[in-house]
Amino acid sequence: MRVSIIAAIAENNAIGKDNDLLWHLPEDMKFFTRMTKGHTVIMGRKNYESIPHKFRPLPNRKNIVLTRNISYTAEGAQTFNNIEDALKSCHSEKEVFVIGGSEIYNLALERNLIDTMFLTKVHGKFDADAFFPEFDEENWDKQKLSTHPKDEKHAYAFEIFEYNRK
Ligand SMILES: NC(=O)c1ccc[n+]([C@@H]2O[C@H](COP(=O)([O-])OP(=O)(O)OC[C@H]3O[C@@H](n4cnc5c(N)ncnc54)[C@H](OP(=O)(O)O)[C@@H]3O)[C@@H](O)[C@H]2O)c1
């Protein structure tokens, strides 16, 4: 099973503020949907709660929510109290996606659970309270998948990279 992170990150590593995203980039959202469709997505309790009611659970995907609260329930999602148990429950799957937020990206990376990262680098620096963790680029093979300019539907240009652990 491949364990992949998917995230959109600003130049200053910002990913969110006030439990919300910092930008609206429809083409990046399409990439997120295309990549994760049909797979399991693992997210933190705060990320799950940040998704508007009408869009959660994320459709056509098995949704897993991580929380330390043993009585927490999330409609349409399975809950786990640790990431290892969550991953074990997906052992027969080909690929699962860790979709944030900051605490969960950090947890997965510091425990060395991640094989691949799909990172959208958003051109801009943002005031934020949630950040993607620092990581050593030396430990990863990096490949650019696409570039998207700023246009009428996208306030910021962005590039999408795939990182594979060396
Ligand atoms: N740009 C992007 O790609 C992207 C993607 C996703 C999210 N975001 C943004 O990120 C922000 C949310 O990130 P966040 O760091 O505040 O929250 P988060 O990572 O989504 O969720 C944190 C919660 O996860 C649970 N948790 C953390 N560590 C755990 C562990 N070891 N075991 C079990 N459960 C654990 C806890 O839930 P309990 O408190 O219930 O115990 C904790 O409060 C939002 O602004 C969101 O919009 C951005």
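Just so you know, all these numbers are worked out from the coordinates, no wet-lab data involved. The structure presented is a predicted model; accordingly, all values stated were derived computationally and were not measured. Cβ placement follows ideal geometry from the backbone for every residue including glycine, while neighbour counts extend to all protein chains displayed.
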Taking other Cβ within 10 Å of each residue's Cβ, how do M1, M43, M117 sort, fewest first? M1, M117, M43
The extension gain from Q78 to F55, computed as 0.36 nm times the residue separation minus the Cα-Cα distance, is 6.7 nm
For the chain, what is the mean residue ellipticity at 222 nm derived from helices alone (per DSSP H run of n ≥ 4: -39500 (n - 2.57); sum divided by total residues; nearest 500 deg cm²/dmol)? -5000 deg cm²/dmol
Can you tell me the mean projection area, over all orientations, of the convex hull of segment 1-157's alpha carbons? Units nm², please. 9.4 nm²
Considering only the chain, what is the antiparallel percent among its DSSP beta bridges, to the nearest 5? 45 percent
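Taking 0.36 nm per intervening residue step and subtracting the Cα-Cα distance, what contour gain separates K17 from K88 on full extension?
The K17-K88 span can extend by a further 22.5 nm.
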Exposure proxy check: T33, T67 ranked by fewest other beta carbons within 10 Å? T33, T67
Relative to the chain, whose Cα atoms define the longest principal axis, helix 26-36 and its Cα axis are tilted in degrees, nearest 10, by 40 degrees
For a footprinting-style exposure proxy, rank V98, V122, V3 by other Cβ within 10 Å, fewest first. V3, V122, V98
Connecting every pair of Cα atoms under 10 Å apart in the chain and solving the GNM, the largest mean-square fluctuation among E152, E93, E137 falls on E152
Fully extended contour minus Cα-Cα distance, from A157 to D141, at 0.36 nm per residue: 3.5 nm
What whole-number distance in Å separates the alpha-carbon centres of segment 15-50 and segment 112-141? 14 Å
Distance (nanometres) between label positions extended 7 Å along Cα→Cβ at M29 and K125: 2.8 nm
